[in-house]
Amino acid sequence: PLKYSWDLNGDRRYGDATGAVQTRTFTSPGTFRVGVRVTDPAGSASEAVQFVTVVQNKAPVVTLSASPDAPAVGAPVTFTATASDPDGTIAAIDWDLDGDGQFDDGTGAVVTKSFATAGSRIVSVRATDNAGVATIAFRTLEVSGPSEGQSAAAPAGGGSSSSASS
């Protein structure tokens, strides 16, 4: 059988690991030398070297807007996220519309929700890129009481949430 000896730390000394397959995690950006020496049963050896370039992932950028930006109780509010990633793609856009810290209230660039009671509401959106790095944007809304001529009763179901992907 063939014998494998690895230089995983770039010091040009083989012996960091053995076996046909190895894995190494790089913790910082840079260019790193990785080599393997393969020896056959007769003692003949051959080496292969590869240089691995590791780049630091940049976080996505996300903003959110609300329309209307000062809604009344029961009025639907459309939230729109604008997200981009300087070194990849946006893999997911998730919403926290009820302020509980869980991004489980909608997905996609546009969601709609109405609020059953007046008061301040914190709404947030999380954009995650293709490398798993996420950025969160927050917005505080002031939901006002019913306008003249409206009943103070909450809409059926206490408000609603829906989403649409883009």
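The values are calculated or read from the model by the stated rules, or taken from the named source; none is laboratory data. The structure presented is a predicted model; accordingly, all values stated were derived computationally and were not measured. For neighbour counting, all protein chains shown are included, and Cβ atoms are generated from backbone atoms with ideal geometry for every residue, glycine included. Areas reflect the complete protein model, heavy atoms only, side chains present, ligands, DNA and RNA absent. Shrake-Rupley method; radii C 1.70, N 1.55, O 1.52, S 1.80 Å.
Normalising by residue count, segment 1-94 has a Cα convex hull of 144 Å³ per residue. The mean accessible area for residues of segment 7-76, using a 1.4 Å probe and ignoring ligands and nucleic acids, is 65 Å² per residue.
For Thr135 and Asp11, what is the calculated FRET efficiency with R₀ set at 41 Å and r taken between the beta-carbons, to the nearest 0.05? Once rounded, the FRET efficiency stands at 0.65.
Exposed loop sites were defined as trypsin sites (Lys or Arg not before Pro) in DSSP loop states (anything but H, G, I, E or B) carrying at most 14 other C-beta atoms within 10 Å; in the chain the longest segment without such a site runs 59-166. Estimated translational diffusion coefficient (Stokes-Einstein, Kirkwood radius over Cα pairs, 20 °C, 1.002 mPa s) of the chain: 107 µm² per second. Close amide H contacts of Ser114 (hydrogens built in the peptide plane, cut-off under 5 Å, sequence separation of 5 or more or a different chain): Val77, Ser160. Charge dipole of the chain (Cα centre as origin; +1 on each Lys and Arg Cβ, -1 on each Asp and Glu Cβ, all else neutral): 600 debye, rounded to the nearest 20. Checking every one of the chymotrypsin sites (Phe, Trp or Tyr not before Pro) in segment 24-97 against DSSP loop status and a limit of 15 other Cβ atoms within 10 Å picks out Phe26.
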